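One structure is given below, represented as structure tokens, and several questions about it will come after.
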Amino acid sequence: MNPFAQEPPSAFYIHVPFCHQKCRYCAFYSVVPSQDSLKRYATCLTQEIRLTHKAYKGPAPLLHSVYLGGGTPSLLPAEDLAQVLGTLRSYFSLAPDCEITLEANPESVSLTKLQAYRDLGVNRLSLGLQSTDDRLLKILGRLHSYEDFLAALAAARQAGFENISADLMFGLPGQNLEDFKASLKQVLALPIQHLSYYSLQLEEGTPLGDYFLQNSSTKKALDLDRQKDSLPSPQPCSRQNFPPLPSEEAERAMYHYLLDTLPQHGFQPYEISNAARPGYESHHNSLYWEARPYFACGPAAASYVGGLRQTRVADFNQWARAITAWDHSGACPPALFADQESIDGPGALAEFFMLGFRMRKGVSLRQCDQLFGPGAWKTYQTALQDLMDQGLIKPRGETFALTRLGLDLANQVFMAFI
């Protein structure tokens with residue numbers, strides 16, 4: 001039995017599928033916005049929120065987190081965001097301390113817009129930075145400079161945001177360890193409370209992915225359906241303008257340096273790719289890693305309610321038509337979803353271990369047995385022993401957590417529970 005099937009969701013994810021330009025590494029779904037599409041999005045999204053509430057039959061939920069991700073949610077006009085959040089508050093109860101996060105790109109915000117967002121109840125801002133090196137930002141296809149980021153950060157502080165996260169990437173073309181050390185030093189001196197850090201992932205169908213994977217034996221044919229209705233990416237740079245990727249050893253050295261440096265500046269890593277000052281861990285993402293249920297709306301958004309994971313179509317027009325049809329007929333059309341998966345007890349147990357090992361605190365065997373029944377953890381007793389023998393995990397009382405080697409080979413750990 002899936003212990004989360006009867007648990008009321010405590011979070012709500014909203015996907016905002018708009019970008020002026022897709023970054024060269026990004027495979028997330030987004031489209032170029034127009035005034036008409038922005039208005040249509042706000043209208044359909046408020047309908048979907050209302051219909052989601054009507055369709056939900058479980059115990060009354062209390063939301064502790066609302067997360068607007070993208071895409072570039074900061075492209076939403078304040079009046080549209082007011083409509084969305086107002087609808088959410090009309091149909092769902094939000095806890096007094098509900099964390100409301102909005103992702104923002106530096107070039108898309110102003111002091112006036114940020115003040116309006118803050119007045120609407122947004123209390124956490126996730127600012128996209130990726131690098132302090134303008135040369136690397138151009139390679140990534142970002143539309144902002146480091147100075148733009150600093151201006152956006154100053155405006156956010158002036159608007160009253162006290163909980164601000166930044167994103168930082170490493171393993172970039174033309175980047176070496178000294179470059180990364182300099183960038184990290186600048187970032188950790190900023191007035192931010194949370195840092196997300198990622199190694200560059202090469203995705204097929206993106207300029208950087210196609211460029212560096214074109215001679216790889218693992219490259220597969222592009223999924224043309226994934227490209228439908230997506231906005232054009234920047235044209236790939238010529239070969240001399242895409243410097244080589246750092247070696248795997250250099251990329252790992254960047255990650256290790258980051259992990260060793262963060263605590264010296266008051267940041268504690270609490271997940272493979274996230275660190276925060278005490279008390280500023282992301283409530284929303286922590287809920288994902290605990291494998292707990294959540295609502296979701298918007299094209300390409302995935303929800304997990306009643307033991308059912310549903311991924312909406314990554315197609316703005318198809319999503320909008322499906323929402324309109326649902327509103328008119330009262331029946332949710334299958335065309336709304338690209339994928340639906342029922343998570344049973346064994347599946348939920350596997351996810352409990354896979355996602356739990358992303359967290360630095362590790363997986364609690366006591367909590368596992370409380371959720372899934374006495375001795376449930378023994379399903380993976382052999383796998384846990386094998387991972388310990390390989391030096392990838394280590395015991396901490398009744399919990400198991402990744403070692404430093406396990407952090408480097410985390411996918412190998414996750415695969416043990418599939």
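Find the residue count for region 407-418, including only residues that are assigned to a helix (DSSP H, G or I) and touching a residue at least 12 places away in the same chain (Cβ under 8 Å).
Total satisfying the criteria: 6.
Another question, then. Take the residues of region 250-265 that are of a type outside the set (A, V, I, L, M, F, W, C) and open to solvent by 30 Å² or more (accessible area, probe 1.4 Å): which is nearest to Val187 (Cα to Cα)? Before you say what the answer is, go through the steps one by one.
We begin by selecting, within region 250-265, every residue of a type outside the set (A, V, I, L, M, F, W, C); these are 251-252, 255-257, 260-261, 263-265.
Filter again for open to solvent by 30 Å² or more (accessible area, probe 1.4 Å), leaving 252, 256-257, 260, 263-265.
On the way: Arg252: 19, His256: 16, Tyr257: 14, Asp260: 15, Pro263: 14, Gln264: 13, His265: 10 Å.
That would be His265.
Quick one: which residue in Leu85, Leu129 is open to solvent by less than 10 Å² (accessible area, probe 1.4 Å), under 24 Å from Tyr56 (Cβ atoms), at pLDDT 95 or above and not β-branched (Val, Ile, Thr)?
Leu85
Answer with yes or no whether Gly330 is on the phi > 0 side of the Ramachandran plot, of a type outside the set (A, V, I, L, M) and either in contact (Cβ under 8 Å) with a residue 60 or more places away in the chain or loosely packed, with under 15 Cβ neighbours inside 10 Å (or both).
So Gly330 passes the test.
To continue, here is another question. For region 2-13, which positions are surrounded by fewer than 24 Cβ atoms within 10 Å (Cβ to Cβ) and within 22 Å of Arg89 (Cα to Cα)?
Correct list: Glu7, Pro8, Ser10, Tyr13.
Does Gly58 meet the test of being part of a loop (DSSP other than H, G, I, E, B), surrounded by fewer than 21 Cβ atoms within 10 Å (Cβ to Cβ) and touching a helix residue (DSSP H, G or I) at 6+ places or on another chain (Cβ under 8 Å)?
Criteria not met by Gly58.
When you scan region 336-354, how many residues do you find that are within 20 Å of Thr311 (Cβ to Cβ) and open to solvent by 50 Å² or more (accessible area, probe 1.4 Å)?
From region 336-354, those within 20 Å of Thr311 (Cβ to Cβ) are 336-344, 347-348, 350-351, 354; that's our starting set.
Filter once more, so that each one left must be open to solvent by 50 Å² or more (accessible area, probe 1.4 Å): 338-342, 344.
Residues flagged as within 20 Å of Thr311 (Cβ to Cβ) and open to solvent by 50 Å² or more (accessible area, probe 1.4 Å) within region 336-354 amount to 6.
I'd like to check something: does region 36-57 contain any residue that is of a type in the set (Gly, Ala, Ser), in contact (Cβ under 8 Å) with a residue 40 or more places away in the chain and over 30 Å from Ile343 (Cα atoms)? Let's see the steps before the verdict.
Within region 36-57, the first condition is being of a type in the set (Gly, Ala, Ser), and the residues that meet it are 37, 42, 55.
Retained after the next criterion (residues that are in contact (Cβ under 8 Å) with a residue 40 or more places away in the chain): 37, 42, 55.
Adding the requirement that they be over 30 Å from Ile343 (Cα atoms) leaves 37, 42.
Yes, there is a match, as at least one residue in region 36-57 is of a type in the set (Gly, Ala, Ser), in contact (Cβ under 8 Å) with a residue 40 or more places away in the chain and over 30 Å from Ile343 (Cα atoms).
A further question follows. Enumerate the strands (runs of 3 or more DSSP E) found wholly within region 288-406, keeping only those where 3 or more residues are out of contact with any strand residue (DSSP E or B) (no Cβ under 8 Å at 6 or more places or on another chain).
No strands (runs of 3 or more DSSP E) qualify here.
The values are calculated or read from the model by the stated rules, or taken from the named source; none is laboratory data. As the structure is a prediction and not an experimental result, all values here were calculated from the model. Don't worry about glycine lacking a Cβ; one is built from the backbone with ideal geometry, like all the others, and counts go over all protein chains shown. With ligands, DNA and RNA removed, areas are computed over all heavy atoms of the protein, side chains included. Shrake-Rupley method; radii C 1.70, N 1.55, O 1.52, S 1.80 Å.
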